Amino acid sequence: MASTETRAPAADPDGLAGLEAGLDALETSERGRTSVRHTLIQKVLPPLVAVLLVLAGWQALVSFEIVDDPTKLPAPADVWRVLHDAWLEGTLLGYIWTSVSRGLSGFLLALVIGTPLGLLVARVRFVRAALGPILSGLQSLPSVAWVPPAVIWLGLNNSMMYAVILLGAVPSIANGLVSGVDQVPPLYLRAGRTLGATGLKGTWHITLPAALPGYVAGLKQGWAFSWRSLMAAEIIASFPDLGVGLGQLLENGRNASDMAMVFEAILLILVVGIAVDLLVFSPLERWVLRSRGLLVRS
């Protein structure tokens, strides 16, 4: 007579034990340290090759006289000479610090204003109906449009610079946080209320952590708007008492028809923007993704 007994699932060697082994393997892979060689090949080499290709193409335009007017396109060596002279004169770091200090101060102030504003818009229906479209409109408005009224209202001073930065950055930070709060699963909020996390406690322990991906995206965009707004303000509202920042350096090069100085300012503006992204926002984004198990290593 044939047996009708079935084998218990616990005896299956490819069942739960295999699943646990797979999870352990994934966890071990995530915790492994990246080798220096892997970092150089995957992270450092691609942007370095891209920069070298751009420099080679730039030099080719000058060497083969595709652009034969040096007043329109200087050679890379000419721009390097201007940078080197500014370094020897001790003015290079001054240009950078004048703009970076203003940009970071304005961005931190925008962060203090934009975060509670975003929470208010996200959580209060009447406020969202009233301010939501205005914030979206302000975000799409070019920041350079705020420079003339800011000069008329506040004069040629640092307060004008900060006002332009705020008007450019606050809407992006607030809208990013609103987007992040809208994507918080309702289950998280119900679980928080069940555990007693209501009001400010629920906002701090439940809403903000769950909304971090959208919030960080808003912060990154807010910094980009801060930096662009500041450059526009420094270019248009130049004044000796304000010091020479990167935007003022760019305008000085234009007034002197010195394209080497213009390219010097453009390169410094790019370097600062890339450095802030690599040193601040990229690690912050990786931390948010890693904390949610979303960071996939190649």
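The values are calculated or read from the model by the stated rules, or taken from the named source; none is laboratory data. Source: prediction; values computed, not measured. Neighbour counts are summed over all protein chains in view; Cβ atoms, including those assigned to glycine, are modelled from backbone coordinates with ideal geometry.
Tallying residues that are more than 29 Å from residue 136 (Cβ to Cβ) and among the basic types (Lys, Arg) within region 225-254 yields 1. Filtering region 177-191 to residues that are closer than 21 Å to residue 131 by Cα and part of a helix (DSSP H, G or I) leaves 177, 178, 179, 180, 181, 182. Tell me whether region 105-127 contains one or more residues that are over 16 Å from residue 208 (Cα atoms), at pLDDT 90 or above and polar (S, T, N, Q). The answer is yes, given that some residue of region 105-127 is over 16 Å from residue 208 (Cα atoms), at pLDDT 90 or above and polar (S, T, N, Q).
Residues being within 20 Å of residue 108 (Cα to Cα) and under 19 Å from the mean Cα position of the chain (by Cα) are entirely absent from region 144-160.
Pairing each residue of region 129-142 that is without any contact (Cβ under 8 Å) to a residue 40 or more places away in the chain and closer than 17 Å to residue 177 by Cβ with any residue that is in a helix (DSSP H, G or I) and among the aliphatic types (A, V, I, L, M), provided the two are 6+ apart or on different chains, yields C-beta distances under 6 Å for 131/121.
Residue count for region 191-233 under the criterion of being of a type in the set (S, T, N, Q) and surrounded by fewer than 20 Cβ atoms within 10 Å (Cβ to Cβ): the result is 4. Among the residues of this structure, residue 238 counts as one that is surrounded by fewer than 20 Cβ atoms within 10 Å (Cβ to Cβ), among the polar types (S, T, N, Q), in contact with a helix residue (DSSP H, G or I) (Cβ under 9 Å, 6 or more places away or on another chain) and outside any helix (DSSP H, G or I).
When region 205-224 is limited to residues that are under 8 Å from the mean Cα position of the chain (by Cα) and not basic (Lys, Arg), the one that is nearest to residue 186 (Cα to Cα) turns out to be 217.
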